[in-house]
Amino acid sequence: MSEHGIHHVTAYAGSAQRNLDFYTQVLGLRLVKKTVNFDDPGTYHLYYGDETGRPGTILTFFPFDHAAPGRVGIGETQETAFRVPRASIGWWTHRLVEKGVAHEAPTHVFGEPVLRFRDPDGMMLALVGAEDEGEGAYAGGDVPAEHAIRGFHGVTLLLGAAEKTAAILTGVLGFHETAREGSSIRFASGVSQGGFVTLRAVGGFLSGRPGAGSVHHIAFRAADDAAQEAMAKALTETHGLAVTEQRDRQYFRSIYFREPGGVLFEIATDGPGFAVDEPVEALGRALKLPPFLEAHRAQIEDVLPKVA
Ligand code: ZN
């Protein structure tokens, strides 16, 4: 049976080293792939996730050393949230204090405990205390497995109006509305990892400006090429949206479209996954390049900042 939900989230960052240190050493995620932006090979593309980087656990970054900060506004992702066991919210609050990470007092959203904080580039993140224990804890990292992040909870999108985006979520991407709270509408796809999208409709407000700390796009899951093609057809024929041709991203195959609220969406296939070009034990250690860039490895390694 095909599962729906978030496949990955991709954002801009400043320093690659600072980004790597934060996501592996503070949040305890695994670096599952060190590659380059296939559309701009002078820039890293760093992927973090669980042990194998399963769909629903993958946060990726394009780091630029001197990137100007972005600004959150309408047509953008406001918050990216991870799942942790409910009993671990207190442990995480202490950890953020100990690591000097700016955060807010824990609060409740849609009945769940939420701990909001920012990454070193100002990206808005949250930990949501999930009722179930959850799978996908990376036991090999800097966070004990009992408290480790269990993939994404979901994302919150800031929009002028919610209706048209809601129609894409429910009509094409496999979500259904579950609750409303103030100006927010919660949608669920039925999976625990990456299974939630919240739309916040705020009417007239400043547009977002891309930069360090801002999300570039949200990718949703398709079981395979046929499922992806059916979704593309629904987007163009039923919703009148322009969708790109399929692009081979080595670890998944992708199509992209701008949803009606202004957020860049992607639909990515579940396979082949990150073990396609290196063994699971070695994920993230070596710089991996797709075949079409391998001939340029020397020049690419020359311009990339060193990270360790
Ligand atoms: Zn993507």
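The values are calculated or read from the model by the stated rules, or taken from the named source; none is laboratory data. Quantities reported herein were computed from a predicted structural model and do not represent experimental measurements. All Cβ positions, glycine included, derive from the backbone under ideal geometry; neighbour counts span all protein chains shown. The protein model used for the area step is the full one, side chains on, heavy atoms only, and it has no ligands, DNA or RNA in it. Shrake-Rupley method; radii C 1.70, N 1.55, O 1.52, S 1.80 Å.
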With the condition kept exactly as written, say whether any residue in the stretch 148-158 is part of a loop (DSSP other than H, G, I, E, B), at pLDDT below 95 and over 27 Å from Lys233 (Cα atoms).
-> no
Of (1) open to solvent by less than 30 Å² (accessible area, probe 1.4 Å); (2) in contact with a Phe, Trp or Tyr (Cβ under 8 Å, 6 or more places away or on another chain), Thr77 satisfies every one except (2)
Review point. Residue check: is Phe196 crowded, with 16+ Cβ neighbours inside 10 Å, within 16 Å of the ligand (Cβ to nearest atom) and among the aromatic types (Phe, Trp, Tyr)?
Key: no
Restricting attention to the stretch 174-203, the residues that are under 15 Å from the mean Cα position of the chain (by Cα) and part of a strand (DSSP E or B) number exactly 3
Mind checking whether some residue in the stretch 161-179 is touching a Gly at 6+ places or on another chain (Cβ under 7 Å) and farther than 15 Å from Val263 by Cβ?
no
When (1) on the phi > 0 side of the Ramachandran plot; (2) surrounded by fewer than 24 Cβ atoms within 10 Å (Cβ to Cβ) are applied to Gly53, the one that fails is (2)
Reported set for the stretch 204-226 where residues are away from the ligand (no atom under 16 Å from the Cβ) and either of a type in the set (Phe, Trp, Tyr) or open to solvent by 30 Å² or more (accessible area, probe 1.4 Å) (or both) is Gly204, Phe205, Leu206, Ser207, Arg209, Ala223, Asp224, Asp225, Ala226
Scanning the stretch 227-239 residue by residue, those touching a residue at least 60 places away in the same chain (Cβ under 8 Å), more than 23 Å from Val276 (Cα to Cα) and open to solvent by less than 40 Å² (accessible area, probe 1.4 Å) turn out to be Ala234, Leu235
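Please tell me if Arg253 is under 23 Å from Lys34 (Cα atoms), out of contact with any Cys (no Cβ under 7 Å at 6 or more places or on another chain) and at pLDDT 95 or above.
Spelling it out, Arg253 is indeed under 23 Å from Lys34 (Cα atoms), out of contact with any Cys (no Cβ under 7 Å at 6 or more places or on another chain) and at pLDDT 95 or above.
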By residue number, the members of the stretch 171-191 that are touching a residue at least 24 places away in the same chain (Cβ under 8 Å) and crowded, with 22+ Cβ neighbours inside 10 Å are Val172, Leu173, Gly174, Phe175, Ser189
Checked Ala308, Ala242 against criteria (open to solvent by 60 Å² or more (accessible area, probe 1.4 Å), more than 16 Å from the ligand (Cβ to nearest atom) and closer than 29 Å to Phe205 by Cβ); the one match is Ala242
Filtering the stretch 245-274 down to residues that are more than 12 Å from the ligand (Cβ to nearest atom), open to solvent by 10 Å² or more (accessible area, probe 1.4 Å) and more than 15 Å from the chain's Cα centre (by Cα) yields Glu245, Gln246, Asp248, Arg258, Pro260, Gly261, Gly262, Gly271, Pro272, Gly273
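Does Gly122 meet the test of being open to solvent by 10 Å² or more (accessible area, probe 1.4 Å), in contact (Cβ under 8 Å) with a residue 60 or more places away in the chain and under 16 Å from Val191 (Cα atoms)?
No; evaluated as a whole, the condition is false for this residue.
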Residue pairs qualifying under the 8 Å Cβ cut-off, at least six apart or on distinct chains, with the first in the stretch 253-268 being free of Cβ contacts under 8 Å to residues at least 40 places away in the same chain and charged (D, E, K, R) and the second being within 14 Å of the ligand (Cβ to nearest atom) and part of a strand (DSSP E or B), are Arg253/Arg247; Arg253/Ala268; Arg253/Thr269; Arg258/Leu264; Arg258/Phe265
